[in-house]
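Since the structure comes first, as structure tokens, the remarks are kept for the end.
The values are calculated or read from the model by the stated rules, or taken from the named source; none is laboratory data. What you are looking at is a predicted structure, and each value in this text was computed from that prediction instead of being measured. Glycine also receives a Cβ, built like all others from the backbone with ideal geometry; neighbour counts cover every protein chain displayed. Note: areas computed on protein heavy atoms with side chains; ligands, DNA, RNA excluded. Shrake-Rupley method; radii C 1.70, N 1.55, O 1.52, S 1.80 Å.
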Amino acid sequence: MRSMRILFTASATALLVSGCASTKLEEKPAPVVEQSKPPAPAPAPAPAPPPVAKVEAPPPPPVDPLNDPVGVLAKRSVYFDFDKSLIKVDYQPLIEAHGRYLVEHNARQVRIEGNCDERGGREYNLALGQRRADAVRERMELVGVAAARIETISFGKEKPKALGHDEAAWAEDRRADIVYR
Amino acid sequence: MNRPKAASCHPYNPPAMPKTCARPTRFSSLILLLGLAAALMSRPAPAQMTVEITGVGSQQYPIAVAAFKTDSAAPEDISAIVRADLARSGQFRMVEAGDTPVAEDERVDLPQWRARGADTLAVGSVSHLADGRFDIRYRLYDSVRNTQIDGISYVAPPAELRLTAHRIADRIYEKLTGDKGVFATRIAYVVQFSRTAYELQIADADGANPQTALRSREPIISPIWSPDGTLLAYVSFESHKPVVYVHALATGARTAVANYKGSNSAPAFSADGKNLAVVLTKDGNSEIYLIGVDGSNPRRLTTNDAIDTEPYFSADGAWIYFTSDRGGSPQIYRMPAAGGDAQRVTFTGDYNISPRVSPDGRLLAYVSRRNDLFQIEVLDIALNQELTVTDTVRDESPTFAPNGRLLLYATEVGGRGILALASTDGRARARITGPNGDIREPCWGPLVK
């Protein structure tokens, strides 16, 4: 089971790394040689028929890595410590992966939505959530994304994901979400 | 994709203005119940808002408010409303007046009232007029000095009976305390009924007569009144990001006045009502800007890498108080409204936010976090003395009454969002609980002309 997962991950990674370049094999119909023609002047020797293409099932269309449920881009959330907007080391690769995706897919726009846990004033938390979203944007800019492609907004503490009143819920709510448009 | 229906607006019709039909919703029909015999006749039974007084002022005027004489049943009990108003200020102690009505044209035995403990006595009458309006009269006696100290009569339609009672309570309050009364004012606040149901409501200062100005599936925060009471500005998330709106209460018409890239929030009217301070992130991080009330002509006021938010104008128009963490932690600062360097105002603790200045400019209220508790502090600016005025610990959004004597704020008790009152000396306290949902983001309206 584990080896299967490694195999999948390896192929997914391979796809990612290769930029998903692949081509579809086109089926060519076998040429038909016509019968029962009247004798004509000595015909030129019929060209050798091209080799019959081997018919195979075409490979699947290239997977947008954004839609790969086990790819690194499947993760869209960055979590923060209390009162902080510092990007923790654990989340840097995630943000950079999204940044590189954006660099490679020029048409994509993204919005980063900052959030806070329920403690504290609403407007100050709106600004703190904004700072978290901005921190993620800055990290993306480091890998080459133009700032104009990223909108950063904040929900402050107005749209909590976890509704509890304990550290587990609060930790879930101290979060910036990367949302593709 | 179908966008969910955006917020729906309703014109708000305060009783003093010519009316079109204002229909209170089922959710938002709240009236004051004080636990006294407030028999409200002929009103449809709405849900009830409860006021619980939990602390009283250091000086209380003992007053008896007699039942007003009525020629026949009136839709409102004027004397009960007056009693509830005076009690809620924390500065009056009700002396039991009994059930016997006493009209303003009757002889009164003031020494008897004094013997019962009442230094002041209010009496009056309510009479039907032929055209459907009411004639309301009242008189106020000083039973220590044995004289009349006030008397007035009003003519009012049925819809203005509560307002008239509040006006009488204001007059009593002013005669005895020397301060302007705020019983005839209004408050705005937000109710959250569920994750997808929010309402911006406006009610009388006693919680009665609520009307819905805005209904939305997304959050609404930071409502604030214009100085003349005709507009509300607020932040709505109906387009899935924070946008500042200005909303005309008489018509329900509203304009998105700040809808820039990024977040738009924290509106505050200038003292002359012509401009709004707002917080925009369009140029980077959260900064304070000035815009016209129509959204025109944005001018940037702060420039630094820190959070600058929650601007609030002093009533004389000279200062903008605001929250900033430019010093490393969120603190209150102020800067000249015309532009200039900011100076820090709060120095105690590492978290002071939500500044509000009293109308006379002498007091600053704010929320302070200390040891994980959020409480409202009042700073005497000149003396630099701070006082914790609340006994609740999850406080938000302080707002001064327009006489500067009381603070209304939001807090959480028993897991529910409620409003609460605290006098600026920290003594008088009350809690205001609604039957449905969590109430938050209060803002006290201006004095009513």
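Of B:T399, B:T388, which residue is within 14 Å of chain A (Cβ to nearest Cβ) and either open to solvent by 10 Å² or more (accessible area, probe 1.4 Å) or touching a Pro at 6+ places or on another chain (Cβ under 9 Å) (or both)? I'd like the intermediate steps shown before the answer.
Working: B:T388 fails: within 14 Å of chain A (Cβ to nearest Cβ).
The match here is B:T399.
Can you tell me which residue is nearest to A:R131 (Cα to Cα) among those in the range B:247-267 that are of a type in the set (A, V, I, L, M) and crowded, with 23+ Cβ neighbours inside 10 Å?
Of the range B:247-267, the ones of a type in the set (A, V, I, L, M) are B:248-250, B:253, B:256-258, B:266.
Now drop any that are not crowded, with 23+ Cβ neighbours inside 10 Å, which leaves B:249, B:258, B:266.
Values: B:L249: 34, B:A258: 19, B:A266: 16 Å.
My answer is B:A266.
Could you check, for the range B:104-111, whether at least one of its residues is more than 30 Å from B:L407 (Cα to Cα), among the hydrophobic types (A, V, I, L, M, F, W, C) and surrounded by fewer than 16 Cβ atoms within 10 Å (Cβ to Cβ)?
No; the residues of the range B:104-111 include none that is more than 30 Å from B:L407 (Cα to Cα), among the hydrophobic types (A, V, I, L, M, F, W, C) and surrounded by fewer than 16 Cβ atoms within 10 Å (Cβ to Cβ).
Going residue by residue through the range B:48-63, is there one that turns out to be under 22 Å from B:S127 (Cβ atoms) and part of a strand (DSSP E or B)?
The first filter runs over the range B:48-63 and keeps only residues under 22 Å from B:S127 (Cβ atoms), leaving none.
Scanning the range B:48-63, I find no residue that is under 22 Å from B:S127 (Cβ atoms) and part of a strand (DSSP E or B), so the answer is no.
Give just the number: which of (1) in a loop (DSSP other than H, G, I, E, B); (2) in contact (Cβ under 8 Å) with a residue 60 or more places away in the chain does A:A176 not satisfy?
Unmet for A:A176, out of (1) in a loop (DSSP other than H, G, I, E, B); (2) in contact (Cβ under 8 Å) with a residue 60 or more places away in the chain: (1).
Of the residues B:V190, B:V182, which is in contact (Cβ under 8 Å) with a residue 60 or more places away in the chain and over 27 Å from B:F92 (Cβ atoms)? Don't jump to the end; show me each part of the working.
On the way: B:V182 fails: over 27 Å from B:F92 (Cβ atoms).
Result: B:V190 is the single residue among B:V190, B:V182 that is in contact (Cβ under 8 Å) with a residue 60 or more places away in the chain and over 27 Å from B:F92 (Cβ atoms).
Can you say whether B:E412 is open to solvent by 50 Å² or more (accessible area, probe 1.4 Å), part of a strand (DSSP E or B) and in contact with a Leu (Cβ under 6 Å, 6 or more places away or on another chain), as far as the supplied structure shows? Outline the logic, then answer.
Working: open to solvent by 50 Å² or more (accessible area, probe 1.4 Å): yes; part of a strand (DSSP E or B): yes; in contact with a Leu (Cβ under 6 Å, 6 or more places away or on another chain): no.
No.
Residues that are in a strand (DSSP E or B), touching a Ser or Thr at 6+ places or on another chain (Cβ under 6 Å) and within 12 Å of another protein chain (Cβ to nearest Cβ): does the range A:147-161 have at least one?
The initial filter retains those residues of the range A:147-161 that are in a strand (DSSP E or B), namely A:150-156.
This time we only want the ones that are touching a Ser or Thr at 6+ places or on another chain (Cβ under 6 Å), so: A:153-154.
Narrowing the set further to residues that are within 12 Å of another protein chain (Cβ to nearest Cβ) leaves A:153-154.
Checked against the condition, which is being in a strand (DSSP E or B), touching a Ser or Thr at 6+ places or on another chain (Cβ under 6 Å) and within 12 Å of another protein chain (Cβ to nearest Cβ), the range A:147-161 yields at least one hit.
Applying the selection to the range B:304-323, what residues are more than 14 Å from every other protein chain (Cβ to nearest Cβ) and of a type in the set (S, T, Y)? Spell out the reasoning first.
So in the range B:304-323, the residues more than 14 Å from every other protein chain (Cβ to nearest Cβ) come out as B:313-320.
Listed by number, the list holds a single entry, B:S314.
I need a count of the residues in the range B:208-252 that are farther than 20 Å from B:T196 by Cβ and away from chain A (no Cβ under 12 Å).
Going through the range B:208-252 one residue at a time, the tally reaches 20.
Given the criteria more than 9 Å from chain B (Cβ to nearest Cβ) and either in a helix (DSSP H, G or I) or surrounded by fewer than 24 Cβ atoms within 10 Å (Cβ to Cβ) (or both), does A:A127 qualify?
Numbers: more than 9 Å from chain B (Cβ to nearest Cβ): no; either in a helix (DSSP H, G or I) or surrounded by fewer than 24 Cβ atoms within 10 Å (Cβ to Cβ) (or both): yes.
In short, no.
Is it fair to say B:G295 is over 24 Å from A:Q130 (Cα atoms) and open to solvent by less than 50 Å² (accessible area, probe 1.4 Å)? Spell out the reasoning first.
Numbers: over 24 Å from A:Q130 (Cα atoms): no; open to solvent by less than 50 Å² (accessible area, probe 1.4 Å): yes.
Considered against the rule, which asks whether it is over 24 Å from A:Q130 (Cα atoms) and open to solvent by less than 50 Å² (accessible area, probe 1.4 Å), B:G295 comes out as no.
Considering only the range B:206-245, state which residues are out of contact with any Cys (no Cβ under 9 Å at 6 or more places or on another chain), open to solvent by less than 10 Å² (accessible area, probe 1.4 Å) and hydrophobic (A, V, I, L, M, F, W, C).
Within the range B:206-245, B:A208, B:I220, B:I221, B:A233, B:V235, B:F237, B:V243, B:V244 qualify.
Looking at B:I418, B:I439, B:I432, which one is closer than 26 Å to B:D170 by Cβ, open to solvent by less than 20 Å² (accessible area, probe 1.4 Å) and either free of Cβ contacts under 8 Å to residues at least 60 places away in the same chain or part of a loop (DSSP other than H, G, I, E, B) (or both)?
On the way: B:I439 fails: either free of Cβ contacts under 8 Å to residues at least 60 places away in the same chain or part of a loop (DSSP other than H, G, I, E, B) (or both); B:I432 fails: either free of Cβ contacts under 8 Å to residues at least 60 places away in the same chain or part of a loop (DSSP other than H, G, I, E, B) (or both).
Within the list B:I418, B:I439, B:I432, the selection yields B:I418.
Do you know which of the residues in the range B:361-378 that are more than 20 Å from the chain's Cα centre (by Cα) and touching a residue at least 12 places away in the same chain (Cβ under 8 Å) is surrounded by the fewest Cβ atoms within 10 Å (Cβ to Cβ)?
Initial filter on the range B:361-378 (more than 20 Å from the chain's Cα centre (by Cα)): B:368-374.
Next cut, touching a residue at least 12 places away in the same chain (Cβ under 8 Å) only: B:368-370, B:373-374.
Details: B:S368: 22, B:R369: 20, B:R370: 15, B:L373: 13, B:F374: 22.
Top of the filtered list is B:L373.
Based on this model, can you work out whether B:P158 counts as open to solvent by 40 Å² or more (accessible area, probe 1.4 Å) and in contact with a Ser or Thr (Cβ under 9 Å, 6 or more places away or on another chain)?
Values: open to solvent by 40 Å² or more (accessible area, probe 1.4 Å): yes; in contact with a Ser or Thr (Cβ under 9 Å, 6 or more places away or on another chain): no.
Taking the combined requirement at face value, the residue does not satisfy it.
Mind listing just one residue for me: the one in the range B:341-353 that is under 16 Å from B:I320 (Cα atoms) and open to solvent by 10 Å² or more (accessible area, probe 1.4 Å) and, of those, nearest to the chain's Cα centre (by Cα)?
B:V345
From the list A:A107, A:A135, which residue is open to solvent by 40 Å² or more (accessible area, probe 1.4 Å), of a type in the set (A, V, I, L, M) and either more than 27 Å from B:Y234 (Cα to Cα) or within 14 Å of another protein chain (Cβ to nearest Cβ) (or both)? Steps first, answer last, please.
On the way: A:A135 fails: open to solvent by 40 Å² or more (accessible area, probe 1.4 Å).
Criteria check complete, one pass: A:A107.
Name every residue in the range A:137-146 that is outside any loop (DSSP other than H, G, I, E, B) and hydrophobic (A, V, I, L, M, F, W, C), in order of residue number.
Within the range A:137-146, the subset outside any loop (DSSP other than H, G, I, E, B) is A:137-142.
Across the range A:137-146, the qualifying residues are A:M140, A:L142.
Table: residues versus (1) in contact with a helix residue (DSSP H, G or I) (Cβ under 6 Å, 6 or more places away or on another chain); (2) open to solvent by 20 Å² or more (accessible area, probe 1.4 Å).
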| position | (1), (2) |
| --- | --- |
| B:A66 | no, no |
| B:A73 | no, yes |
| B:D77 | no, yes |
| B:R88 | no, yes |
| B:M94 | yes, yes |
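Counting only residues that are acidic (D, E) and either touching a Ser or Thr at 6+ places or on another chain (Cβ under 6 Å) or under 16 Å from B:T70 (Cβ atoms) (or both), how many does the range B:120-141 have? Break it down into steps so the answer makes sense when it comes.
First, pick out the residues of the range B:120-141 that are acidic (D, E): B:131, B:135.
Add one more test, that the residue is either touching a Ser or Thr at 6+ places or on another chain (Cβ under 6 Å) or under 16 Å from B:T70 (Cβ atoms) (or both), and what stays is B:135.
Total meeting the criteria: 1.
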